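Below is one structure, written out as structure tokens, with a few remarks after it.
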Amino acid sequence: MTDPARTIVTLDGPAGVGKSTTARAVARRLGWRYLDSGALYRAVAFALLDRDEPSDAWRALDLEALDRLGLTVRPDDEALTILLRGRRLESELRTQDVTAAVSRVARIPAVRRWLLDTQRHAGSHGRLVADGRDMGTVVFPNAGTKIFLTADPDERARRRLGDHGVTTPSPDQIERERLLLTERDRVDMEREVSPLVPASDAVHVDTTELDFAAQVDLVVRLARAAASG
Ligand code: DC
């Protein structure tokens, strides 16, 4: 039987580099499922903020406490649907409060352990495009295609502002956004569990000047080659 990992594509890299837009477009082109692992960490952050307890207590969370949060994840054909006590979470995951809290949540070992099975389950039959920070190193170490995306920090800041509707940002806005992004990267790179590092066998793609369509084509080509190889 073919190894399902051959049809898994991982896209890792720092914040604002275009992982999710690329991963979503690649998944659509291939007809495979998309896993937005950042959304899972954001959902845990949202559920914890919703409980309204001091964030100092988060570090002591264990797997049983996480089970009690009321989060469920349904692997649908195209992507994962995340529910909190039956209510679907989407735009709630992108608020400033969640964005500000999520790096702290993502460095809690029990949270990473708790989300591992959910992520692996989504790829148990292969045909998955997963984006995040540790997809190629920890979650799917045998993935057939591993990509590590990078881009100049100012360009990443411009893209993030664009995502929030700021199409012609001032130099000050870019500077502020760049500092926020690089601070999040620092926390993600320096944490002890599953830090943001490229897998040794990842293909590095610098997207600073790459046309989006060319970027998607490149990943689709690599994925098809790995799937048939
Ligand atoms: O990609 P994003 O901005 O939605 O990620 C949200 C946060 O979750 C970010 O601080 C990094 C963290 N994260 C992680 O630690 N591991 C992943 N696989 C995905 C995201």
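The values are calculated or read from the model by the stated rules, or taken from the named source; none is laboratory data. On a predicted model such as this, the values are computed, not experimentally measured, just so you know. Positions of Cβ are backbone-derived with ideal geometry, glycine not excepted, and every protein chain shown enters the neighbour counts.
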(request) Within the stretch 28-70, track down each residue that is assigned to a loop (DSSP other than H, G, I, E, B) and either in contact with a Pro (Cβ under 6 Å, 6 or more places away or on another chain) or within 16 Å of the ligand (Cβ to nearest atom) (or both). (result) Leu61
(request) Name the residue, out of Val193, Val129, that is over 19 Å from Ser20 (Cβ atoms), of a type outside the set (Lys, Arg) and in contact (Cβ under 8 Å) with a residue 24 or more places away in the chain. (result) Val193
(request) Can you tell me which residue within the stretch 171-190, out of those that are among the β-branched types (Val, Ile, Thr) and either modelled with pLDDT under 95 or in contact with a Pro (Cβ under 9 Å, 6 or more places away or on another chain) (or both), is nearest to the ligand (Cβ to nearest atom)? (result) Val187
(request) Could you list all residues from the stretch 74-84 that are at pLDDT below 95 and farther than 17 Å from Ala23 by Cβ? (result) Arg74
(request) Among the numbered conditions (1) outside any strand (DSSP E or B); (2) away from the ligand (no atom under 12 Å from the Cβ); (3) more than 25 Å from Ile147 (Cβ to Cβ), tell me where Ala101 comes up short. (result) (2)
(request) Determine which single condition Pro4 fails, assuming it passes every other condition in (1) surrounded by 23 or more Cβ atoms within 10 Å (Cβ to Cβ); (2) more than 21 Å from Ala151 (Cβ to Cβ). (result) (1)
(request) Can you tell me which residue within the stretch 46-102, out of those that are more than 17 Å from the chain's Cα centre (by Cα) and hydroxyl-bearing (Ser, Thr, Tyr), is farthest from His121 (Cα to Cα)? (result) Ser55
